[in-house]
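Heads up: the structure comes next, in structure tokens.
The values are calculated or read from the model by the stated rules, or taken from the named source; none is laboratory data. Everything numeric in this text was worked out from a predicted model, so none of it was measured. With ideal geometry, Cβ positions are generated from the backbone for all residues, glycine too; neighbour counts draw on all protein chains shown.
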Amino acid sequence: MARTRLALVGCGGIARNHAQRFAAHTDRLKVVAAVDVRLEQARAVADLIDGAVAAEDYRDVLPDVDAVLLATPHQLHHAMAMDCLAAGKHVLLEKPLANTRSECLDLVAASQRSGTVLMVAYCMRYHPLLRRVKELLDARTYGEVFQMSIWTEQLTVLDSDNFGRWAMDVHNLGGGQLFSHGCHYIDLLMWYLGDPIEGVHVGTRTGTPWMTMEGTSNVALKFDRGVLAYHFGTWGARGSRLKYSLHAHCTDAMLEVDLIAGKLYAHLPQDKVELLAESPGGKPMEQEMSHFLDCIETGRRPDTNAAESLRGLEVIWKLYAAERQGVVARFADMPHPQSSFE
């Protein structure tokens with residue numbers, strides 16, 4: 001089978017994370033170009049990838065590739081992905097899908113017209129421990145889940161360099177910490193629990209004065225059958241104990257994922273604790289890329305497809321609107337993007 005030819009577009013900090021993981025797929029993947037408007041950045045990343053060349057304009061390399069990985073600022077997602085899809089290229093697009101609903105719908109429609117793969121890089125869905133949690137919850141191995149909590153605590157200081165140059169402007173970022181980073185975890189909660197019924201968001205810039213919207217975010221959601229969920233995310237953590245953690249309280253046990261240590265535990269009655277699985281820490285970008293290649297090779301619909309990704313963003317936009325109005329967000333009347341294309 002011929003290898004998929006890929007261009008990495010956007011050579012900021014996250015590009016180096018991607019570059020380190022391409023080597024696991026050399027039998028299926030050939031990275032031919034690293035692209036960035038700052039050519040020196042593109043060259044620095046290309047030097048990490050055997051056989052890759054550096055380029056300044058992604059449009060120059062489209063004739064030479066089958067697919068692109070877009071790791072660019074949020075406000076560029078729509079225009080760049082639309083160009084790539086129109087050229088018949090498969091697209092792995094860093095989250096979030098785009099900054100507005102209309103832009104997201106454009107991308108869903110363009111992908112369907114071109115028959116290409118459009119996958120959103122919600123990498124946490126491909127984490128072996130989080131996938132194991134999904135299996136345990138679906139099988140009701142520890143009874144019925146009734147509460148899920150996710151914590152993401154980090155220090156992300158935005159300044160005039162690199163990420164901060166564009167991310168300090170809410171019109172570029174598309175929102176605050178919840179929209180930019182918390183979208184990963186709203187997506188996870190909906191993957192585990194389905195569509196929420198109602199919820200609230202409370203955010204603050206205190207502790208993160210560099211943000212134009214919230215740098216710390218608290219979300220509480222209610223799902224069918226009285227299931228509750230909570231997500232706390234901050235870019236202002238000067239210290240942390242929970243760091244990146246997930247707890248799922250079920251009627252027979254509590255499941256805990258420590259994403260930094262790479263361990264999945266079951267906490268049972270009488271303070272009994274069982275280690276259920278282990279996995280290397282860090283973002284599961286190798287597994288994410290493997291799934292993207294599977295979809296290209298087989299025509300399979302991505303697990304983190306554009307329509308489902310838009311569904312999660314709709315929840316975030318509703319939470320923001322309800323917070324401004326001082327009311328509870330209701331999701332019963334939320335349109336389903338996929339219905340527009342069936």
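General remarks:
- Positions within segment 193-212 being farther than 25 Å from residue 266 by Cα and surrounded by fewer than 20 Cβ atoms within 10 Å (Cβ to Cβ), in sequence order: 195, 197, 198, 200, 202, 204, 205, 206, 207, 209, 210, 212
- Checking each residue in segment 282-298 for being over 16 Å from residue 127 (Cα atoms) and free of Cβ contacts under 8 Å to residues at least 24 places away in the same chain picks out 294, 298.
- Selected residue (criterion: nearest to residue 332 (Cα to Cα)) from residues of segment 236-262 that are among the small types (Gly, Ala, Ser) and part of a loop (DSSP other than H, G, I, E, B): 253
- Residue in segment 129-137 that is farther than 26 Å from residue 232 by Cα and over 16 Å from the mean Cα position of the chain (by Cα) present: no
- Segment 95-107, residues that are surrounded by fewer than 21 Cβ atoms within 10 Å (Cβ to Cβ) and either closer than 25 Å to residue 35 by Cβ or in contact with a strand residue (DSSP E or B) (Cβ under 6 Å, 6 or more places away or on another chain) (or both): 100, 103, 106
- The C-beta contact set for segment 177-196 (first residue free of Cβ contacts under 8 Å to residues at least 60 places away in the same chain, second residue assigned to a helix (DSSP H, G or I) and basic (Lys, Arg), distance under 7 angstrom, 6+ apart or interchain) comprises 192/134.
- All positions within segment 1-17 that are farther than 18 Å from residue 40 by Cα and surrounded by 14 or more Cβ atoms within 10 Å (Cβ to Cβ): 3, 4, 5, 6
- Test: residue in segment 213-235 that is in a loop (DSSP other than H, G, I, E, B), surrounded by fewer than 20 Cβ atoms within 10 Å (Cβ to Cβ) and not hydrophobic (A, V, I, L, M, F, W, C): no
- Residues satisfying the criterion are absent from segment 274-290 (criterion: in contact with an Asp or Glu (Cβ under 6 Å, 6 or more places away or on another chain), buried (at least 19 other Cβ atoms within 10 Å of the Cβ) and either at pLDDT 95 or above or among the small types (Gly, Ala, Ser) (or both)).
- Residue satisfying all of: in segment 18-41; under 22 Å from residue 117 (Cα atoms) and within 20 Å of the chain's Cα centre (by Cα); modelled with the highest pLDDT among these: 22
- No other residue among 324, 241, 330 is surrounded by fewer than 17 Cβ atoms within 10 Å (Cβ to Cβ) and either in contact (Cβ under 8 Å) with a residue 12 or more places away in the chain or closer than 27 Å to residue 18 by Cβ (or both) apart from 330.
- The set of residues in segment 309-342 being modelled with pLDDT of 95 or more, of a type in the set (D, E, K, R) and out of contact with any strand residue (DSSP E or B) (no Cβ under 6 Å at 6 or more places or on another chain) consists of 311, 314, 324.
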